[in-house]
1. Collect the residues in region 79-128 that are closer than 14 Å to Glu153 by Cα and charged (D, E, K, R), keeping them in residue-number order.
2. Only one of (1) within 25 Å of Arg109 (Cα to Cα); (2) of a type in the set (Lys, Arg); (3) out of contact with any Phe, Trp or Tyr (no Cβ under 8 Å at 6 or more places or on another chain) fails for Arg157. Which number is that?
3. Return only the number of the condition from (1) in contact with a helix residue (DSSP H, G or I) (Cβ under 7 Å, 6 or more places away or on another chain); (2) loosely packed, with under 14 Cβ neighbours inside 10 Å that Val127 does not satisfy.
4. Can you find a residue in region 149-163 that is surrounded by 15 or more Cβ atoms within 10 Å (Cβ to Cβ) and in a loop (DSSP other than H, G, I, E, B)?
5. Would you call Lys182 basic (Lys, Arg) and either buried (at least 19 other Cβ atoms within 10 Å of the Cβ) or closer than 12 Å to Leu71 by Cβ (or both)?
6. Is there any pair linking a residue in region 102-127 that is among the acidic types (Asp, Glu) to one that is surrounded by 17 or more Cβ atoms within 10 Å (Cβ to Cβ) and at pLDDT 95 or above, with Cβ under 8 Å and at least six apart or on different chains, and which?
7. Does any residue in region 172-183 that is touching a residue at least 24 places away in the same chain (Cβ under 8 Å) come within less than 8 Å, Cβ to Cβ, of a residue that is in a strand (DSSP E or B) and not β-branched (Val, Ile, Thr) six or more places away or on a different chain, and which pairs are these?
8. Can you list the helices (runs of 4 or more DSSP H) found entirely within region 1-108 that contain at least 3 residues being surrounded by 12 or more Cβ atoms within 10 Å (Cβ to Cβ) and modelled with pLDDT under 95?
Amino acid sequence: MESDLVRFLSWKFLPPRPLLAAFLVLLPCCQGAGRGERAPGPGGLPRSGAQTPPLLARALEKARKEGKLVLVEIYDPSCKYCRAMEEVFFQPAVRKVLGDFVWIKMGVRGNPLVRRFKLEMTPAFLVFRPDGKPMEDILEGFRSAPVLAAELEDFRRLFHGEEEVEIPMDRHPMAGHGCRIKEKR
């Protein structure tokens, strides 16, 4: 007969796998707890009363040191177009251009950039100069790899005072589509 301790420690008493998986997914949200840091806010964003979210502030600091632009991807994990963009970012043409950017992803919920830039859909892409000033164009909606690579190259060239590149027509079936942002701005 097994002791209560052995039964308690056995695998069958562990939470069901979906519950365990959910716990492991949420565990990074608690990062910093107990060290005097505040728990993340909605959408996984750090809580801050400042205009510039801390993640963006760190990216801008890195961009200043490296002389790069900052690419901010605003996404919603429930948006199928945002999930499709994940594959686009790993295409060779996009990876090559991303070397000239400090790339960060920020959740849409509770994000002050959504209101500041009047974003209407995800995915959305904002580009900032190293001094924190936003570049003029805001990109919203899905883009194919060739188009995103050309748009990022165009931002890079504009930043360096070079001639603009021609952006190809995006013929991907998801091009320009996104998920409407539901929160109040």
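The values are calculated or read from the model by the stated rules, or taken from the named source; none is laboratory data. Everything numeric here is computed off the predicted structure, so don't read it as measured data. Neighbour counts are summed over all protein chains in view; Cβ atoms, including those assigned to glycine, are modelled from backbone coordinates with ideal geometry.
1. Once the filter is applied, which keeps residues that are closer than 14 Å to Glu153 by Cα and charged (D, E, K, R), region 79-128 yields Arg95, Lys96, Asp100.
2. Only one criterion is unmet by Arg157, namely (1).
3. (2)
4. Here is the first cut: in region 149-163, the residues surrounded by 15 or more Cβ atoms within 10 Å (Cβ to Cβ) are 149-156, 158-159.
Next cut, in a loop (DSSP other than H, G, I, E, B) only: none.
No, that holds for no residue.
5. Working: basic (Lys, Arg): yes; either buried (at least 19 other Cβ atoms within 10 Å of the Cβ) or closer than 12 Å to Leu71 by Cβ (or both): no.
So Lys182 fails the test.
6. Pairs that qualify, where the first residue is among the acidic types (Asp, Glu) and the partner is surrounded by 17 or more Cβ atoms within 10 Å (Cβ to Cβ) and at pLDDT 95 or above, are Glu120/Glu140.
7. Short answer, once both residue conditions are applied: Gly178/Met121; Gly178/Ala124; Gly178/Glu140; Cys179/Met121; Arg180/Met121; Ile181/Met121.
8. Details: elements: 4-9, 17-26, 54-66, 80-88, 92-98.
Once the helices (runs of 4 or more DSSP H) in region 1-108 are filtered for at least 3 residues that are surrounded by 12 or more Cβ atoms within 10 Å (Cβ to Cβ) and modelled with pLDDT under 95, what remains is 54-66.
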